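Worksheet for the structure shown next.
The values are calculated or read from the model by the stated rules, or taken from the named source; none is laboratory data. Because the structure is predicted, anything quoted here is derived from the model rather than measured. Reconstructed Cβ throughout: ideal geometry from the backbone, glycine too, with neighbour counts over all protein chains shown. We work out accessible area using only protein heavy atoms, side chains counted, and drop any ligands, DNA or RNA first. Shrake-Rupley method; radii C 1.70, N 1.55, O 1.52, S 1.80 Å.
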Amino acid sequence: MIEQTMELPASLHPISSDKICKRSFEVVQRLQQAGHQAYLVGGCVRDLLLGETPKDFDIATSAHPEQVRRLFSSCRLIGRRFRLAHIYFGRDYIEVATFRAPHDSGNEGQGQVNDDGRITYDNVYGTLEEDVWRRDFTINALFYDPIQNEILDYVGGLKDLQERRIRLIGDPESRFREDPVRMLRAVRFAAKLEFEIAPETRDLILPMAPLLDGVAAARLFDEILKMLHSGSGKRTFELLREYDILPFLLPVTDDSLYEDSTGVFARLLEISLTNTDRRVRSGLSVMPPFLYAVLLWYKVSTLALQIQDEGYPEIQAMQIAASEVLNEQVDFTAIPRRFSNITREIWGLQLRFKVRDLRRASALLHNNRFRAAYDFLCLRAQAGEPVAEDCAWWTAFQEAEGEARVALCEKPDRSRTRNNRRRRRH
């Protein structure tokens, strides 16, 4: 199965020792000193070869999880379907995985695959050569020994890296059936690295996308955040539409894009994802609730108007619409309640931006969700919704002080105030 083993010594690759995380180097060193094989593997090797700074340094080893735990006092074993060792250094950790083998082999554990070909249990340990063929893409199957400063390539990953190509290892159909999320990973890497997906891999994405229906909703939620909060979210979203994957992840968003003939919602998405990419690349924080507030806004806002037409008050109509749309989305991708509650608040505060009363405006300014809701309001204005005046007023109100802030506000209706007092006396 091995195509052709390529060993690259230090003189033939650009990785220098000062780019290696010292903690990962120490973990590899201790594993090797204990008689085990151990390498840096995956995205960190790929990024180092591309001249990028890796976010994580993962390790693959011949040591079984229990053996790793005996070597490191700060080690914790996690996972059931895929057993891993996390070696902690304070709050940070290095992830260590044991070499995997095909499901019908291995000395320990028993691989399980369901009727669709999907892996349901994966603790089948094997050799380095077997582990290579269990990885997804060739560019993620490069092994680097930081002690010897040597790269091992069994599947042509170096060539694909040079030619900027995303290619699955093995038979693409079988690999997608084993784990349909690999389709999403292919799209994410293509967008992030600006690589092309190899034809034999790319051509199967559209017909096999329905397999995503069987993936756990919580896992798909995590994958959406990885894709759209990667710093290349705008390009990733474009590829999700191009390969017709969006209906299996964000059906509400997909329907909205077709229903909105004005193009305003499409512009809202484009502006929002562009801003998010800019923030991620600048090292600034991004909020999952804000992302979902944008993705689901068109359906929520239009549904709220329909409910109002049925006689419901504006605020109540927004609350009902928010619940219906969020419930529709969680059938596909889970949204933790701690996030969905904030999304609801961002939507609900849009109605309060119409106020010009000093007391109520000042109270809104101190609301915990004001900044996120205000940013959302300004995005809507940029996209072409008729809220530019509200956005400008609130921008001025925040910048004004004292009398200047009072001057911006409308004077209260005194006759209405007197009538309210009379009602309270009665």
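By average Cβ neighbour count within 10 Å, what is the ranking of 163-176, 225-238 from highest down?
Listed from highest to lowest mean packing, they are 225-238, 163-176.
Once ligands and nucleic acids are excluded and a 1.4 Å probe is used, how much of LEU12 is accessible, expressed in Å² to the nearest 10?
Answer for LEU12: close to 120 Å² accessible.
Would you kindly derive the ³J(HN,Hα) couplings of the stretch 189-201 from the backbone phi angles with the Karplus curve 6.51 cos²θ - 1.76 cosθ + 1.60 (θ = phi - 60°), listing them in order in whole Hz, with x for Gly and Pro?
Karplus-based 3J(HN,Hα) across the stretch 189-201 equals 5, 4, 6, 5, 8, 6, 9, 9, 7, 4, x, 5, 8 Hz.
Cα axis of helix 22-33 to longest principal axis of the chain: angle in degrees, 0 to 90, nearest 10?
Compared with the principal axis, the helix lies near 30 degrees.
Share of antiparallel DSSP beta bridges in the stretch 32-89, in percent to the nearest 5?
Among the beta bridges of the stretch 32-89, antiparallel pairing accounts for roughly 100 percent.
Accessible area per residue of the chain at 1.4 Å probe, in Å²?
51
Give me the Å³ per residue figure for the convex hull around the C-alpha atoms of the chain.
199
Which values, in whole Å and largest first, are the semi-axes of the equivalent ellipsoid of the stretch 134-210 obtained as the square root of 5 times each eigenvalue of the Cα gyration tensor?
Its equivalent ellipsoid spans semi-axes of 24, 13, 10 Å.
With only alpha-carbon atoms in the gyration tensor, what are the semi-axes of the equivalent ellipsoid for the stretch 345-384, in Å, largest first?
The answer is 18, 11, 8 Å, longest axis first.
Please sort 70-82, 340-352 by packing, taking for each peptide the average over its residues of neighbouring beta carbons within 10 angstrom, highest first.
Output ranking for 70-82, 340-352: 340-352, 70-82.
Would you mind telling me the share, in percent, of accessible area of the chain contributed by carbon and sulfur at probe 1.4 angstrom?
Here carbon and sulfur together make up 46 percent of the probe-accessible area.
If you restrict to DSSP beta bridges whose two residues both lie in the chain, what percentage is antiparallel, to the nearest 5?
Counting DSSP beta bridges with both partners in the chain, the antiparallel share is about 85 percent.
Starting from the amide H of LEU142, placed 1.01 Å from N in the peptide plane, find each other amide H under 5 Å away whose residue is 5 or more places distant or on another chain.
GLY42
Cross-link candidates for LYS226: which lysines have Cα within less than 22 Å, leaving aside residues fewer than 8 places away along the same chain?
Within reach: LYS55, LYS192, LYS234.
May I ask for the angle, rounded to the nearest 10°, between helix 233-242 and the longest principal axis of the chain, with both axes built from Cα atoms and the value confined to 0 to 90°?
Roughly 80 degrees, rounded to the nearest 10.
At 222 nm, what helix-only mean residue ellipticity would the chain give, in deg cm²/dmol to the nearest 500, using -39500 (n - 2.57) for each DSSP H run of four or more?
-15000 deg cm²/dmol
Simple spin-label model, 7 Å along Cα-to-Cβ: ALA363 to ARG219 in nm?
Spacing of the two 7 Å Cα→Cβ label points: 4.7 nm.
Restricting the calculation to Cα positions, tell me the Rg (one decimal) and the Dmax (whole number) of the stretch 216-296 in Å.
In Å, with Rg to one decimal and Dmax whole: 12.2, 35.
Measure off 7 Å from each Cα along the Cα-to-Cβ vector at GLN306 and GLU259, then give the distance between these two points in nanometres to one decimal.
0.5
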